[in-house]
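This report refers to the structure that appears directly beneath it.
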């Protein structure tokens, strides 16, 4: 292998993540990643973003084509006789219509409230990152002051990170995520046995609420609003245990003064 062959380009890293890399280059890319930590971290981040997008919006691609689009496509073909162009136009219309339908559906379910969108996103983020071994967070928990200041600035309002060590939960760290109303903070906690819980928060215009519970298939969450922030505490589907953790976080967030310098 020449020196030129041993260099891995950014295009090849993207192709590796997308599963489009030629078989002959896969081993070279994997060897490169073992000695280039920055590229390895970038690959992990791209994969996480792709998985999050797939988890949140992948279902749209499986929805049936609306009747109105099928009729429009047929009429176009009859008028022009140009099958390839008609197919491309229908595909664009389907993607645009499907995306609009998805967001309209979220609005119809939640109305003027952000509650449904926040809890759905929080459960998706929990399922995505709770299984990560090497890159579950962007900033480690031992950098709490920096994490607090950074995420407060990005979210646009002071963010409070509960200290849950007294109930057996160590702060693993946190990361910034896109949310339904803008940048959202995401924190991960872990027990001594490795069980993980996450706290997701971002700005909202909803009114303050007490703790509310939502059950998922293999995970569940408690959510509430404090001031201008919406919080979702997510973990395994054990309601009583999760409520005790959510209550501890709720009481602490409600009682603590806002951090300075955010």
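Please go through the range 181-196 and give me each residue that is within 18 Å of the chain's Cα centre (by Cα) and either in a loop (DSSP other than H, G, I, E, B) or under 17 Å from residue 159 (Cβ atoms) (or both), ordered by number. Across the range 181-196, the qualifying residues are 181, 182, 183, 184, 185, 186, 187, 188, 189.
Of all residues in the range 151-180, those being surrounded by fewer than 20 Cβ atoms within 10 Å (Cβ to Cβ) and assigned to a helix (DSSP H, G or I) number 5.
Residue 148 satisfies every condition listed in (1) part of a loop (DSSP other than H, G, I, E, B); (2) farther than 22 Å from residue 219 by Cα except (1).
Considering the range 1-38, and only residues there that are at pLDDT 80 or above and not in a helix (DSSP H, G or I), the residue that is farthest from residue 134 (Cα to Cα) turns out to be 22. Each residue in the range 203-238 was checked for being assigned to a loop (DSSP other than H, G, I, E, B) and touching a helix residue (DSSP H, G or I) at 6+ places or on another chain (Cβ under 6 Å), and 1 of them qualify.
The values are calculated or read from the model by the stated rules, or taken from the named source; none is laboratory data. Note that the structure is predicted; figures quoted are calculated from it, not measured. In this analysis, Cβ positions are derived from the backbone assuming ideal geometry, glycine residues included, and neighbour counts consider all displayed protein chains.
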